[in-house]
Amino acid sequence: MIRAETLVKEFTRPQRVQGRFSGLRSFLSTRTVTTRAVDDVSLRIDDGEIVGYLGPNGAGKSTTIKMLTGVLVPTSGHVEVEGIVPWKDRRANARNIGAVFGQRSQLWTDLPLRESFDLIASLYGLDPVDYRRSLDGFVDLLEMGPFLDTAVRSLSLGQRMRGDIVAAMLYRPPVLYLDEPTVGLDVVAKARIRDFIAEQNRTEGTTVLLTTHDISDIEQLARRVVIIDDGRILYDGGLESLRDRYAPFREIVVSAPRIPDSTDVPGLTLTRTVAAGDEVRATFRFDPADLSAPAAIGRLTSSLAITDLSSREPDVEDVIRQIYTDRGVVA
Amino acid sequence: MSTATARLPARRVRAGLRASVRHAARSQFAFRASTWTGIVGCVLQVILVHLVWTAVYGERTVVSGVAQGDAVTYAVLGVLTTTIFQPFIFDSLLGRLRTGAIAFDVMRPISAVPVALARQLGGTLAQLPAAGAALVVGLALGAISQPGSWLSGAACLLSLMLGFTIALIVNFTVGLVGFWTLETGGAFLIYRMLAQFSSGALIPLWFMPAWLQDSLTLLPFSAQVFVPLSIYVDQDPGWHTVRALGLQAMWVAVLVALATLVWHRAIRRLVIFGG
């Protein structure tokens, strides 16, 4: 179980001085600026949960994860993972957690991938028989046989990422932090990694905290999402209720030879028009609480000469964009 | 907060460190061409050093109070010790800092310090083939005389061990600079040059002007190479030998304290400021 209470992380950096001799004056200046990367974050993740942790770049996602792994010491607040305060006892915490940071690798580059695994097994004091069994299982699941004896530096990004995920799970930690584990991967590689994570969660009961910019990662893995921006938690709850709360609208896309921008249909809002060949395609929004879908379609057909029509629910990506825009963050 | 059972038993820790030594040594052998150039380079250095010092002495048997045989022996052994002591694989820490992998290394069941030292030891072991080949060539050339006395030989062994410990700690500490600045390439080039010169590996301290010799003795570099090798060629070891060994031991203590301090500052920087 992961428990964070009123977690705060501030970074203090020397202030840059503007104007003449700014370089020298910045060097001599003792003035500092403090920024709050994580501001009063409270979070509780139960055993076996997969939680998606979302937010724009610089929102505080990685800083939170670093505090949960024990690499960063919180400025204030309390954090506990599997009953251990990570930064106070990194060594004891180590065997309970696995971490993948998509942007960096923990593997040793010059030797074959297998050698990195062997070394990690030794550093975590794994029994050789258990280790063999785990590794064989992982190699099967992630189809790593063909490149297990290739030097890490020669691996493709997808292969390396699989290597890093296995490196984080060799000792079967109950908690797994995945910070952008699919960044830069192609569709097939992404799918393989998602399936693997889902499988580990199902069979081993691994608790997973996952950050990503790829919403389909979240849709396919997590039932619960936490959205953070500017260091603060904006939303913590189910994926479904997220939609109801932030994007309680439906959309109808209609095609017609002519749709003036001034089109006014009661109960519907025109949000977008795009030229499509001879026709114009327009997106209308309505609130299903005020207007039923058939009624909305009826109103549209009576006011416009429609040739085609489709209806869609906003997907999570729309929702996230909506949240970021509301907050003045560019998505 | 921490329970005893959460820690690795000492036996497992030792196994983990042994694996780190092996892994680091094998990493050095990963590039076959560089292994061979290492061996050839070391052998060449021995041959050249032998040639140059023999030529410098020419007909003379003693220069600045140093006998020819001692000077040549010193120079050849200097090449061997430098090869082994200062393999300059800062990658144990620096490479990990540059790629950010250090974040993983500080959250393992074994502390990052012994692991980094074990990796440096592995780097040293990887130099053994080169040093071994050069030793064989040196012996074949007759460039290495026997130690000054059996006592000198024994004292030299002890002194070499102390010298290696000093080299290990100094290299580790210098590697920590990477926590403050990742742009370290140039700085290390200068450090490496200074360290080699000050250790007496290139030119024995005997031949340096008194003021330089005195100041270099105050640095921890001469304790790495110069001290053990001058003990080796010393025909009359005595209290001055004991004093030299004592000074080395003192350096070990001072440098361990310094390394501990720097490490704590470095880790503080990582965990408070985020590196």
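A few notes on this one:
- Convex hull volume of the range A:90-168 per residue (C-alpha atoms, cubic angstrom): 94 Å³
- Crossing angle, helix B:239-273 versus chain B [Cα axis fit, 0-90 degrees, rounded to tens]: 30 degrees
- Pairs of alpha carbons in the range B:12-273 whose separation is greater than 33 Å (percent): 23 percent
- In order along the range A:98-106, the Karplus-derived 3J(HN,Hα) couplings, from 6.51 cos²θ - 1.76 cosθ + 1.60 at θ = phi - 60°, round to x, 9, 10, 10, x, 7, 9, 10, 9 Hz, and Gly and Pro are given as x.
- Put simply, when A:270-279, A:158-167 are sorted by average Cβ atoms within 10 angstrom per residue, most first, you get A:158-167, A:270-279.
- Under a Gaussian network description of chain A, with springs only between Cα atoms under 10 Å, the residue in A:Phe21, A:Phe284, A:Phe101 that fluctuates furthest is A:Phe21.
- Helix A:316-326 and the long axis of chain A differ in direction by around 80°, with both axes built from C-alpha atoms.
- What you get for chain B, charging only the Cβ of Lys and Arg (+1) and of Asp and Glu (-1), is a dipole of about 1460 debye around the Cα centre.
- For the range A:1-156, convex hull volume per residue from C-alpha positions, Å³: 191 Å³
- With semi-axes defined as the square roots of five times the eigenvalues of the C-alpha gyration tensor, the equivalent ellipsoid of the protein assembly as shown measures 63, 25, 23 Å, largest first.
- Residue order, fewest to most surrounding Cβ atoms within 10 angstrom, among B:Thr35, A:Thr109: B:Thr35, A:Thr109
- Going from the fewest other Cβ atoms within 10 Å to the most, the residues B:Trp211, B:Trp251 appear in the order B:Trp211, B:Trp251.
- Note on chain A: GNM, Cα springs under 10 Å; of A:Gln18, A:Gln220, A:Gln103, the largest mean-square fluctuation is that of A:Gln18.
- Label-to-label distance, nm, for residues given as B:Arg243 and A:Arg31 (7 Å Cα→Cβ offset): 5.7 nm
- Debye-formula intensities of the range A:248-313, expressed as log10 I(q)/I(0) at q = 0.13, 0.16 Å⁻¹, are -0.29, -0.45 (one equal scatterer per alpha-carbon, no solvent).
- Added length on full extension, which subtracts the Cα-Cα distance from 0.36 nm per residue, A:Glu5 to A:Arg232: 80.5 nm
- Listed residue (B:Ile47, A:Val81, A:Ser22) projecting farthest to the positive dipole end of the protein assembly as shown, Cβ model: B:Ile47
- Cα-based reach from A:Lys66 at 20 Å (exclusive), listing lysines while leaving out same-chain residues under 8 positions away: A:Lys9, A:Lys88
- Placing unit charges on the Cβ atoms only, positive for Lys and Arg and negative for Asp and Glu, gives the range A:3-77 a dipole magnitude near 720 debye about its Cα centre.
- GNM flexibility winner over chain B from B:Pro228, B:Pro129, B:Pro204 (Cα, springs under 10 Å): B:Pro129
- Each of B:Leu128 and A:Asp127 was given a label point 7 Å from its Cα along the Cα-to-Cβ line. The distance between the two points is 3.2 nm.
- Nearest 10 degrees, 0 to 90: helix A:157-169 Cα axis against chain A principal axis: 60 degrees
- For A:Ala99, the residues 5 or more places off, or on other chains, whose built amide H falls under 5 Å of its own are A:Tyr177.
- Computed over chain B, the per-residue total of -39500 (n - 2.57) for DSSP H runs of n ≥ 4 gives a 222 nm mean residue ellipticity of -23000 deg cm²/dmol, rounded to 500.
- The charge dipole of the protein assembly as shown, taken about the Cα centre with unit charges on the Cβ atoms of Lys, Arg (+1) and Asp, Glu (-1), comes to about 1580 debye, rounded to the nearest 20.
- Binning the C-alpha pair distances of the range B:210-265 at 10 Å intervals from 0 yields a P(r) profile of 21, 45, 25, 8, 1 %, listed from the shortest bin outward.
- Semi-axes of the equivalent ellipsoid for chain A, Cα gyration tensor, largest first, Å: 43, 28, 20
- For the range A:150-232, the Kirkwood estimate of the hydrodynamic radius, built from every pair of different alpha carbons, is 13.7 Å.
- Farthest positive-ward along chain B dipole, Cα basis, beta-carbon charges - from B:Gly78, B:Ala167, B:Val136: B:Ala167
- Segment B:Ala187-B:Val254, length gained on full extension (0.36 nm per residue, minus Cα span): 21.8 nm
- For the range B:222-266, the residues whose amide N sits under 19 Å from a probe point set 7 Å from the Cα of B:Ser64 along the beta carbon direction are B:222-235.
- Stokes-Einstein, applied to the Kirkwood radius of the range B:1-155 over Cα pairs at a viscosity of 0.890 mPa s and 25 °C, places its translational diffusion at 134 µm² s⁻¹.
- For chain B, with +1 on Lys and Arg beta carbons and -1 on Asp and Glu, the positive-most of B:Ala257, B:Ile231, B:Ala19 along the dipole: B:Ala19
- Of A:Asp230, A:Asp287, the sequence from fewest to most neighbouring Cβ atoms within 10 angstrom is A:Asp287, A:Asp230.
Any read-out appearing in this document is the output of simple, stated calculations on the displayed coordinates, not a laboratory observation. On a predicted model such as this, the values are computed, not experimentally measured, just so you know. When we count neighbours, we look across all protein chains shown, and the Cβ atoms used for this are built from the backbone with ideal geometry, even at glycine.
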